[in-house]
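Only one structure is covered here, and it is reproduced in the block below.
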2 protein chains.
Amino acid sequence: MNIHNRVTELLKIKHPIIQAGMVWVSGWRLASAVSNNGGLGLIGAGSMKPELLREHIIKCNAATEKSFGVNIPLLRGDVNELMNVVLEEKIKIVFTAAGHPGRHIEQLKKHNLTVIHVVSNIKQALKAESVGCDAIVGEGVEAGGHNGPDEITTFCLIPQLVDAVNIPVIAAGGVADGRGIAAAFSLGADGVQIGTRFAATVESSAHEVYKQSVVAATDNSTTLVLKNIGLVRLIKNNWSKNVERAEANGANEIELKNLLGEKRERLGISEGNAEEGMMEAGQSCGLIKNVLTVNELMKLLIDDFDNTMKKTSGLI
Amino acid sequence: MNIHNRVTELLKIKHPIIQAGMVWVSGWRLASAVSNNGGLGLIGAGSMKPELLREHIIKCNAATEKSFGVNIPLLRGDVNELMNVVLEEKIKIVFTAAGHPGRHIEQLKKHNLTVIHVVSNIKQALKAESVGCDAIVGEGVEAGGHNGPDEITTFCLIPQLVDAVNIPVIAAGGVADGRGIAAAFSLGADGVQIGTRFAATVESSAHEVYKQSVVAATDNSTTLVLKNIGLVRLIKNNWSKNVERAEANGANEIELKNLLGEKRERLGISEGNAEEGMMEAGQSCGLIKNVLTVNELMKLLIDDFDNTMKKTSGLI
């Protein structure tokens, strides 16, 4: 892998491989390990109070001299406090998701931050570009966790985004090996964001039960639920079956919110309750057969990418 | 595009580009045009009675000296008659879908036919390989028309199939341009099957209203409905909204079958009733901006593939 492009320049990284910010998964350990191995690590603020985020940023700074970033879900009630922590701790790269970046970008740009917004359709991409985002992550519906309502797949989304915007497009959703990285570049992406594969690493903060659930998962282990109150992809379990049954019976928003309850992501990913928690994972979990260190994984991704490119190089 | 591999050898074609068999779309005109331009054309028997299929085969034979095939949905009540027509007319290549190829393969193999089965998950792929299919089409959930129940996307499905079977894997679902073809090969496919892009050609039998609906479609124009009685992807319209409303209210199978009624595919695709018919199309319709002749399209696909491969060739 010998890629020098707009994404590697923008993020000051060796390889255009970004580790997704993931709740209960991507603290300073994972983010610093990815950055130390040539990618971009992201601290996932989604499961952190502002002061915990500060602690993770400080520890990440101590663990790496390389570039890293913070992922902030914009629908958080305390989003302004999270942004303040990012600015106070002199973070240089912010990935925003689940909301409109327009409200925050002026402040971030005033402090010269790089701002990358996660989108799931063309409309969101054009909006992100128009407010001044430096790049977008285009996330297909195969991605784990929260998904856009249009359910556009990576294969269809990425080329349409590339045609629609001038800023770089980073492909997310379904990328778990070097073949996926090569395919993303064929579709026109300038980088990839990888989630679930990094969630099943030694440095991930997820519970061991969660990591082993990802490893055990096959091609049809995930499902999409809660379309009416916020689409989520997760590994099928007792809880997801209850939700699907309720949905098939026409449950309304209140009933679904009651089924969701509180802290169900933590119950699954962090506490390892594989049957009653939300075990958020991407459809690519079927490709993941082991828990590796980040160092092992990054080497594997790069070797696998190189092998894929060599194999396809003779096709013209 | 200079590909000589197991798929081009098996099907005796210049380019490993297969035009999907599509109801009300792919008769002898489309199939012969694709074969004459270096791909593999398929007559879609799904919307044909046995004698009409025979007529299309005879006309296709008269229109091309190249290899072409027939796609047969195995759930058809008159599947045995369709198979007999195929054998009597000395067809060499059959694509089977929507059912178990095991019941028919012995007869087809006795006559030395090449048999390729369409699958949507690993289990179906292993089954197809075990009964003796020569190759499989792996069809992601972005594909138009009838889809597998597991909703696995092309990006996640193809590499898992490639890892699971030894026979060649042809990628379908989401492929509409040269970037998609290149991405499919990166994921490990040995060929592509393209549907919706060929449905919007001059030689397609679809109604002009249908073709223009594909051209007008954007990234989020399709939806998946009828999960409980047989998942279908189509362009959103008045009818699909009625179905979605019924599904959200917990409609049962009988109610959904009543909403479906009869001949709704014909009403949409062949008769051009854009609001009340089933306008089956893949999510890649957002990438399709014009109606081309098959000759123009094949040239475009190949040029676009070559350009994509040249762009990505410097990445290692």
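Below is a table of values for the structure above.
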| read-out | value |
| --- | --- |
| Residue identified as without any contact (Cβ under 8 Å) to a residue 24 or more places away in the chain, of a type in the set (S, T, N, Q) and in contact with a Gly (Cβ under 7 Å, 6 or more places away or on another chain) among A:Thr196, A:Thr153 | A:Thr153 |
| Check on A:Val225, farther than 24 Å from B:Ala164 by Cα and not assigned by TED's automatic domain parsing to the domain that holds A:Leu11 | yes |
| Yes/no for A:Val215 being buried (at least 18 other Cβ atoms within 10 Å of the Cβ) and more than 11 Å from chain B (Cβ to nearest Cβ) | no |
| Selected residue [surrounded by fewer than 24 Cβ atoms within 10 Å (Cβ to Cβ) and at positive phi] from A:Gly178, A:Gly132, A:Gly148, A:Gly173 | A:Gly132 |
| Close pairs (8 angstrom Cβ cut-off, 6 or more residues apart or separate chains): facing chain B (nearest Cβ under 9 Å) in the range A:302-316, of a type in the set (Asp, Glu) anywhere | A:Ile316/B:Asp306 |
| So A:Asn258, is it touching a helix residue (DSSP H, G or I) at 6+ places or on another chain (Cβ under 8 Å) and among the polar types (S, T, N, Q) | no |
| Subset of the range B:170-184 that is touching a residue at least 40 places away in the same chain (Cβ under 8 Å), among the hydrophobic types (A, V, I, L, M, F, W, C) and not in a loop (DSSP other than H, G, I, E, B) - its residue that is nearest to the other protein chains (Cβ to nearest Cβ) | B:Ala182 |
| Meets criteria (surrounded by fewer than 18 Cβ atoms within 10 Å (Cβ to Cβ), within 13 Å of chain A (Cβ to nearest Cβ), of a type in the set (D, E, K, R) and farther than 20 Å from B:Gly138 by Cα) for B:Glu247 | no |
| Among residues of the range B:108-129, those that are of a type in the set (S, T, N, Q) and exposed (fewer than 15 other Cβ atoms within 10 Å of the Cβ), counted | 1 |
| Residue, farthest from the chain's Cα centre (by Cα), within the range A:90-140, restricted to residues that are part of a loop (DSSP other than H, G, I, E, B) and basic (Lys, Arg) | A:Lys90 |
| Leading residue by the ranking (surrounded by the fewest Cβ atoms within 10 Å (Cβ to Cβ)) among those in the range B:218-244 that are assigned to a strand (DSSP E or B) and not aliphatic (A, V, I, L, M) | B:Thr223 |
| Qualifying residues in the range A:258-316 (those that are outside any loop (DSSP other than H, G, I, E, B), β-branched (Val, Ile, Thr) and closer than 30 Å to B:Asn307 by Cα) - the one farthest from the chain's Cα centre (by Cα) | A:Thr312 |
| Given (1) more than 14 Å from chain A (Cβ to nearest Cβ); (2) among the hydrophobic types (A, V, I, L, M, F, W, C); (3) within 25 Å of B:Ser47 (Cα to Cα), index of the condition B:Val131 fails | (3) |
| Residue satisfying all of: in the range A:260-287; among the aliphatic types (A, V, I, L, M), away from chain B (no Cβ under 11 Å) and surrounded by fewer than 24 Cβ atoms within 10 Å (Cβ to Cβ); nearest to A:Ala45 (Cα to Cα) among these | A:Leu267 |
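Condition check ((1) within 14 Å of chain A (Cβ to nearest Cβ); (2) of a type outside the set (Val, Ile, Thr)) across all residues:
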position: B:Lys92; (1), (2): no, yes
position: B:Phe95; (1), (2): no, yes
position: B:Leu108; (1), (2): no, yes
position: B:Ile116; (1), (2): no, no
position: B:Lys127; (1), (2): yes, yes
position: B:Val137; (1), (2): no, no
position: B:Val141; (1), (2): yes, no
position: B:Asn147; (1), (2): yes, yes
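The values are calculated or read from the model by the stated rules, or taken from the named source; none is laboratory data. This is a predicted model, so every value here is computed, not measured. Note that we place each Cβ from the backbone using ideal geometry, even for glycine, and neighbour counts take in every protein chain shown.
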